[in-house]
């Protein structure tokens, strides 16, 4: 009964004012709260998406760990193999002498006689030293040259044949060969030694 008395006391005009106030409050709440809720929701979605990307990246890294370890072992092995194929020495003449000594040794092991050797040619570029050594030889058996070439191919440090010729005269074979060996540039090696001090 008291409720009906209160509702009866509110006039139609007051009711319209209250409804209008309620609409204004509702509009105010929706315009101020809704964007805040929307931005919170968007930020939360962005965080979830970022976390999902990070989780996916971590999963890929874990999956690729074995592959990367394998590649690292291969790279270290390859670097060791390349290092074993290079000549070393304190000066360029020592490196040239080492290359010449290796060629002569392989020739002796193949029953090939070295008749003459030219001065070694060198090319120093981009941290690498290329030394080219030409020599003339003779042998009684052409099979000795094949053995000689095989020894050069399997040599360590590695010697590459860049030019080869062989001719026969009477009962012996004579020819010439140009062999190339590699070393690290002495400038680069000196710079590395200085930085290590």
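Derivation of every value follows stated rules applied to the coordinates shown; laboratory data play no part. Here the structure is a predicted model, which means the values were calculated and not measured. All Cβ positions, glycine included, derive from the backbone under ideal geometry; neighbour counts span all protein chains shown.
Helix-only estimate, please: 222 nm mean residue ellipticity of the chain, summing -39500 (n - 2.57) across DSSP H runs of length 4 or more and dividing by its residues, to the nearest 500. -22000 deg cm²/dmol, from helical runs alone. For the stretch 92-193, the square roots of the Cα gyration tensor eigenvalues, ordered a ≥ b ≥ c, give a/c of at least 1.5 with a/b greater than b/c, which places it in the prolate category. Here the label points at residue 114 and residue 172, each 7 Å from Cα along the C-beta direction, are separated by 1.7 nm in the simple model. Angle of helix 92-109 to the longest C-alpha principal axis of the chain, folded into 0 to 90 degrees and rounded to 10: 60°.
Rounded to the nearest 0.05, the FRET efficiency derived from the C-beta distance between residue 65 and residue 128 at R0 = 35 Å is 0.55. The residue 47 and residue 23 beta-carbon pair, evaluated with R₀ = 41 Å, returns a calculated FRET efficiency of approximately 0.70.
Using C-alpha pairs under 8 Å with a sequence gap of at least 6, the mean separation divided by the residue count of the chain gives a relative contact order of 18 percent. Considering only beta bridges that DSSP places wholly inside the chain, some 95 percent are antiparallel.
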